[in-house]
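So the structure is just underneath, and the comments pick up after that.
The values are calculated or read from the model by the stated rules, or taken from the named source; none is laboratory data. Since the model is a prediction, treat every value here as computed from it, not as a measurement. All Cβ positions, glycine included, derive from the backbone under ideal geometry; neighbour counts span all protein chains shown. The protein model used for the area step is the full one, side chains on, heavy atoms only, and it has no ligands, DNA or RNA in it. Shrake-Rupley method; radii C 1.70, N 1.55, O 1.52, S 1.80 Å.
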Amino acid sequence: MRQIMLDTETTGLDPVRGHRVVELACVEMVNRTLTGRHLHLYLNPDRDSDPEALAIHGLTTDFLSGHPRFEEVAHQLVDYVKDAEVIIHNAAFDTKFLTAELARVGLPPFDQLCAKVTDSLLYARELHPGKRNSLDALCERYGISNAHRTLHGALLDSELLADVWVAMTRGQDALLMDFEDDNGMDANGVRLERFDASVLKVLAASEEELQQHGEYLAELDKAAGKPCLWRAIEA
């Protein structure tokens, strides 16, 4: 299973108004493991970035003028995403820009170049309805460090997205079994019996154990430089 985490940075918000891609980054996962094979390109857009976009990515016109134009490296993108599932946070934004860039050089829309495009933002909204689901918010929710992220770089965001995606799709988190499926049998044909959890004895933590737990959390807070994930769960 080959999956590509992709992110772009652009000169503005709308390719219809002539805005262009200035940075493109992809990281590859095979069987949910990063391979270290990535594609990272800075692109000369032949125009300035809007001030709002420049404040986000920090890629100046002077810096980008020394890099290739999209048409010079389009084949690298086409070859890289072929037959892969491409996962993008807010895919509608990135794919409209990539499709516009591809159209300029006579190539098909982006979603026709790969096996599938998956929007991790839509997936996160279904998983966490009513909550913030930006990449930063998801990193915080899943305990993924993004402390080194001051500007939005496409390569860094792709790597963070890979960690977030693995965390979001770990599989079944619930400990309960659905006895209505498969006639109550497991994969080996062993019958599963219902268990009444109400008969279990609940042992509360002692004052000493609570104090030790608090001291341990304080050490975690100190090491992370911010409240640890357990604090958010308690809140």
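For the reader, a short list of remarks on this structure follows.
- By accessible area with a 1.4 Å probe, ligands and nucleic acids excluded, highest first: order of 142, 216: 216, 142
- When 19, 67, 128 are compared by accessible surface with a 1.4 Å probe, the order from highest to lowest is 67, 128, 19.
- Straight-distance crosslink candidates among lysines, where the alpha carbon sits under 30 Å from residue 226 and sequence neighbours closer than 8 are dropped: 131
- Radius 15 Å from Cβ of residue 109, net charge of other residues (Lys, Arg +1; Asp, Glu -1): +1
- Extension gain, residue 122 back to residue 17 (0.36 nm per residue minus Cα-Cα distance, nm): 35.2 nm
- 3J(HN,Hα) along the range 120-130, derived from phi through the Karplus expression 6.51 cos²θ - 1.76 cosθ + 1.60 where θ = phi - 60°, amounts to 5, 5, 5, 4, 5, 5, 5, 6, 10, x, x Hz, with x in place of Gly and Pro.
- P(r) tail fraction, the range 1-80 - alpha-carbon pairs more than 18 Å apart, %: 45 percent
- Cα-based shape type of the range 55-126, given that a ≥ b ≥ c are square roots of the gyration tensor eigenvalues and the cut on a/c is 1.5: oblate
- Straight-line cross-link reach from residue 116 at under 25 Å between alpha-carbon atoms covers these lysines, not counting any fewer than eight positions away in the same chain: 82, 96.
- Remark: the Cα gyration tensor places the range 1-151 in the oblate category, a/c being 1.5 or greater and a/b not exceeding b/c.
- Area accessible to solvent at residue 233, 1.4 Å probe radius, in Å²: 110 Å²
- Each Lys or Arg adds one and each Asp or Glu takes one away; over the other residues whose Cβ falls under 10 Å from the Cβ of residue 140, this sums to +2.
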